[in-house]
Amino acid sequence: MELNSNVAAVVTGGASGLGEATVRALAAQGVKVAIFDMNEQKGEAVAKEVGGVFCKCNVTSEEDVDAAFAKARAANGQERILVNCAGTGNAIKTASRDKQTGETRHFPLDAFNWIIQINLVGTFRCIAKSAKGMLDLEPIDGERGTIVNTASVAAEDGQMGQAAYSASKGGVVGMTLPIARDLAGDGIRVNTILPGIFNTPLMNAAPPQVKEALAASVPFPKRLGNAEDYASLALQMITNPYFNGEDVRLDGAIRMAPR
C-alpha cells in the first residue's frame, strides 16, 4: 500500500511506546492518523504534533471503540490501515505459596480475564470493526486495507508468571492466519509483530542495572529494541503487498528463559 495524504490510519495505543513511534512514522509519510488511547493528555499532544486526531478509547468497551472509529472517520475518512498496539500485562503465578505464611493462592481469574479482554478480545474487536469499514472502500491495486497486530515473544516462550499475558498474545498469533484468510477475498491483509524486550515507557521504570542486564541477554544487537524498530517493521508490513498472514518475531534472536 502506498503511503500518502489520501490514506487514513488508526493506531490503538498510539499515545506512547510502539504505537506512538508508528503514529509518527505514518504521519511522516503524509498519512492521516487517528490515535486511540486512554491517555488523553499524551494522546492529544502527539495528535497535535503530527496533525492527527485523538480518540479516547478503551478497547474493552464496545461503545468506546464504536465512538472512536466514528470520530476518526469523520475527521480522516475510512481508514485503510489499522495498527493494534493497545495492550498490557501482569505477572502472577498460576498457583503459589507465600514463603512467610505458607498460605497458598491461585491466579485470580478476574485478573486473568482482564488481560485477555484487553490484549486479545480488544484487538479482535478493533480488527472486526475496522475490516467491516474497509469492505466499503474501492480497492487500490486490488487492495482495500491492511492490519498489523502486536503480540509478543511471550506468545512462544512465556516466562513464569506470564500465563495470562502469554495466552492473550498467543491468541493474537493464533488468529492472524484465519483472519487473513477471512479477509483475503476482499483485499485486506493481516500480519502480526512479536516484539522481544523493548525500551518502552514500562521498561523505563526499571533500574538501569536491570535494563543493562536485559540488553546483554540479547544475542545481537546487544541492546533493547527501540520503538522505531517496531515502526519500521510495521511500515514494511503495510507497504509490501505480498506480506500477508505472517507472525514475525522482532527480538534480536532472543529466546526467553523460564524466569
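The values are calculated or read from the model by the stated rules, or taken from the named source; none is laboratory data. Please read these numbers as outputs of a predicted model, since none were measured by experiment. Methodologically, a virtual Cβ is constructed for each residue, glycine included, from the backbone with ideal geometry; neighbour enumeration extends over all protein chains shown.
Below, the figures for the structure above:
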item	result
Residue among Thr101, Thr123 that alone is among the polar types (S, T, N, Q) and surrounded by fewer than 17 Cβ atoms within 10 Å (Cβ to Cβ)	Thr101
Given (1) surrounded by 12 or more Cβ atoms within 10 Å (Cβ to Cβ); (2) among the β-branched types (Val, Ile, Thr); (3) within 30 Å of Gly252 (Cα to Cα), number of the condition Thr94 does not satisfy	(1)
Filter result (touching a Gly at 6+ places or on another chain (Cβ under 6 Å) and either within 20 Å of Met237 (Cα to Cα) or of a type in the set (Lys, Arg) (or both)) within the stretch 108-149	Met134, Pro139, Gly142, Glu143, Arg144
The listed residue being over 22 Å from Ala253 (Cα atoms) and of a type in the set (Val, Ile, Thr), out of Val148, Val172, Val190	Val190
Filter pass, Gly133 being within 25 Å of Ala231 (Cβ to Cβ), outside any strand (DSSP E or B) and touching a Leu at 6+ places or on another chain (Cβ under 9 Å)	no
Matching residues, the stretch 14-60, being within 17 Å of the chain's Cα centre (by Cα), under 25 Å from Glu143 (Cα atoms) and crowded, with 24+ Cβ neighbours inside 10 Å	Gly14, Gly19, Thr22, Val23, Leu26, Val33, Ala34, Ile35, Phe36
The stretch 1-27 residues that are closer than 15 Å to Arg144 by Cβ, paired with ones that are among the hydroxyl-bearing types (Ser, Thr, Tyr) and at pLDDT 95 or above (beta carbon under 8 Å, 6 or more apart)	Met1/Thr146; Met1/Thr239; Glu2/Thr239; Val10/Ser130
Flag if Val148 is surrounded by 16 or more Cβ atoms within 10 Å (Cβ to Cβ), of a type outside the set (Gly, Ala, Ser), out of contact with any His (no Cβ under 8 Å at 6 or more places or on another chain) and within 14 Å of Tyr165 (Cα to Cα)	no
Cβ-Cβ under 8 Å pairs, at least 6 apart or on other chains, the stretch 146-162 side under 23 Å from Ala131 (Cα atoms), far side acidic (Asp, Glu) and surrounded by fewer than 19 Cβ atoms within 10 Å (Cβ to Cβ)	Ala151/Asp247
Helices (runs of 4 or more DSSP H) within the stretch 173-259 that include 2 or more residues in contact (Cβ under 8 Å) with a residue 60 or more places away in the chain and surrounded by 15 or more Cβ atoms within 10 Å (Cβ to Cβ)	227-239
Residue identified as within 19 Å of Ala131 (Cβ to Cβ) and touching a Gly at 6+ places or on another chain (Cβ under 6 Å) among Val31, Val7, Val11	Val11
Qualifying positions in the stretch 157-172 - of a type in the set (S, T, N, Q), over 20 Å from Gly19 (Cβ atoms) and in a helix (DSSP H, G or I)	Ser166
Selected residue (only one of Gly225, Gly187 is touching a Phe, Trp or Tyr at 6+ places or on another chain (Cβ under 6 Å) and either of a type in the set (Phe, Trp, Tyr) or more than 30 Å from Pro108 (Cα to Cα) (or both))	Gly225
